[in-house]
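Participant: The structure's right below; bear with me while I get my questions together.
The values are calculated or read from the model by the stated rules, or taken from the named source; none is laboratory data. This one's a predicted model, so the numbers in the text were calculated from it and none came from an experiment. A quick note on method: Cβ atoms are made from the backbone with ideal geometry, for glycine too, and the neighbour counts reach across all protein chains shown.
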Amino acid sequence: MLIDTHAHLQDEEMLSDLEAVLARAKEAGVDTIICIGYDLPSSKKAVEIARQHEQVFAVIGVHPHSASELDAQTIDELFKLAKDPQVVAIGEIGLDFYRDLSPRDQQRTAFIEQIKMARELYKPIVIHDRDAHQEVLDIIKAEKAGINGGIMHCYSGHLPLAVDLMKANFYISFAGPLTYKNARKTQEVAAKISFDRILIETDCPYLTPEPLRGRRNEPANVYHVAAKLAELRNKTIEETGYITSRNARTAFRLPD
């Protein structure tokens, strides 16, 4: 069995045939999917989907792209939403200095405020980090962000950063780019870090893995990420599925 630890099932592309998407996931051996919010409406939708489907859990939060939307009322609503038993983490939160869709100061403020919220709620966090590696690490350390655990989603950094993140109580999650031919740095990290700190994900409907690039991504395709990880670690797909699923259940405190 596999766990897709990062999917956007509430995306319009996925909602159009959600039941079929979930059925294909089950057929592919994906028995659990973590549906990730990126603003308040998508967080509410993630919880709604999780309530309706036993294989889905929700993560709620405001993405750095939407950091300017995080006001006191939004934080209050997220606090209330987080009390739902299907909500297993706060995310995806962090910094994105590649697109800069929100001013960087607002991104930093939103990141720190949501770390504090997760700490108060005793929940792990799911981090989005693009072109902001050192600053994300600095904030993690300053805010003791890993106190309840955390996940670095779609990892794109180098090996020393991954080691620092694991020391701060974070798991490292790999998505479709792990399968790309030019992903040597990411593949090196996946091959060398402790296997008990690795998760797999799709980030669907984005980042479709090889050999399916060009098509919409979906949770069933996490199999291809697992297969590449198995190759890099010289493990069977069954061993890889068992280890990464065990890691995911620990990271998100999921029921057995």
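Participant: Restricting to the range 92-120, and then to whatever is surrounded by fewer than 18 Cβ atoms within 10 Å (Cβ to Cβ) and of a type in the set (A, V, I, L, M), can you tell me which residue is nearest to residue 252 (Cα to Cα)?
Facilitator: 112
Participant: Taking the conditions exactly as written (touching a Lys or Arg at 6+ places or on another chain (Cβ under 8 Å), of a type outside the set (S, T, N, Q) and at pLDDT 95 or above), does residue 40 satisfy them or not?
Facilitator: No, not satisfied.
Participant: Related question: Which helices (runs of 4 or more DSSP H) does the range 147-256 wholly contain that include 1 or more residues that are over 25 Å from residue 64 (Cβ atoms) and modelled with pLDDT of 95 or more?
Facilitator: Ranges flagged: 184-192, 222-233, 237-252.
Participant: Here is a follow-up. Answer with yes or no whether residue 65 is within 19 Å of the chain's Cα centre (by Cα), of a type outside the set (D, E, K, R) and surrounded by fewer than 23 Cβ atoms within 10 Å (Cβ to Cβ).
Facilitator: Considered against the rule, which asks whether it is within 19 Å of the chain's Cα centre (by Cα), of a type outside the set (D, E, K, R) and surrounded by fewer than 23 Cβ atoms within 10 Å (Cβ to Cβ), residue 65 comes out as yes.
Participant: While we're here: Could you please give the count of residues in the range 10-30 that are touching a helix residue (DSSP H, G or I) at 6+ places or on another chain (Cβ under 8 Å) and farther than 18 Å from residue 66 by Cβ?
Facilitator: Adding up the residues that qualify gives 10.
Participant: Looking at (1) in a helix (DSSP H, G or I); (2) touching a residue at least 40 places away in the same chain (Cβ under 8 Å); (3) in contact with a Leu (Cβ under 7 Å, 6 or more places away or on another chain), which is the one condition that is false for residue 88?
Facilitator: Among (1) in a helix (DSSP H, G or I); (2) touching a residue at least 40 places away in the same chain (Cβ under 8 Å); (3) in contact with a Leu (Cβ under 7 Å, 6 or more places away or on another chain), residue 88 violates only (1).
Participant: The conditions are (1) in contact with a Leu (Cβ under 7 Å, 6 or more places away or on another chain); (2) surrounded by 24 or more Cβ atoms within 10 Å (Cβ to Cβ); (3) of a type outside the set (Ser, Thr, Tyr), and residue 137 fails exactly one of them. Which is it?
Facilitator: (2)
Participant: Additional query: Do you know which residues across the range 39-77 are under 15 Å from residue 109 (Cβ atoms) and either in contact with an Asp or Glu (Cβ under 8 Å, 6 or more places away or on another chain) or aliphatic (A, V, I, L, M) (or both)?
Facilitator: Across the range 39-77, the qualifying residues are 61, 62, 63, 64, 65, 66, 67, 69, 70, 72, 75.
Participant: Still on this model: Report yes if residue 123 is assigned to a loop (DSSP other than H, G, I, E, B), under 19 Å from the mean Cα position of the chain (by Cα) and of a type in the set (Lys, Arg), otherwise no.
Facilitator: yes
Participant: Check whether at least one residue in the range 183-203 is of a type in the set (Asp, Glu), over 17 Å from residue 2 (Cβ atoms) and surrounded by fewer than 22 Cβ atoms within 10 Å (Cβ to Cβ), and report yes or no.
Facilitator: yes
Participant: Moving to a separate point now. Regarding residue 141, is this residue over 15 Å from the mean Cα position of the chain (by Cα) and in a helix (DSSP H, G or I)?
Facilitator: So residue 141 fits the description; yes.
Participant: Taking the range 141-187, which residues are of a type in the set (Ser, Thr, Tyr) and either touching a Cys at 6+ places or on another chain (Cβ under 8 Å) or more than 30 Å from residue 213 (Cβ to Cβ) (or both)?
Facilitator: 173
Participant: Restricting the first residue to the range 235-256 and requiring it to be charged (D, E, K, R), which pairs with a second residue that is in a helix (DSSP H, G or I) meet a Cβ separation below 9 Å and a spacing of at least six or different chains?
Facilitator: 235/195; 235/229; 235/243; 238/230; 239/230; 239/233; 246/196; 256/249
Participant: If you don't mind, another one. For the range 181-194, state whether one or more residues are within 20 Å of residue 93 (Cα to Cα), among the hydrophobic types (A, V, I, L, M, F, W, C) and touching a residue at least 12 places away in the same chain (Cβ under 8 Å).
Facilitator: Within the range 181-194, not a single residue is within 20 Å of residue 93 (Cα to Cα), among the hydrophobic types (A, V, I, L, M, F, W, C) and touching a residue at least 12 places away in the same chain (Cβ under 8 Å).
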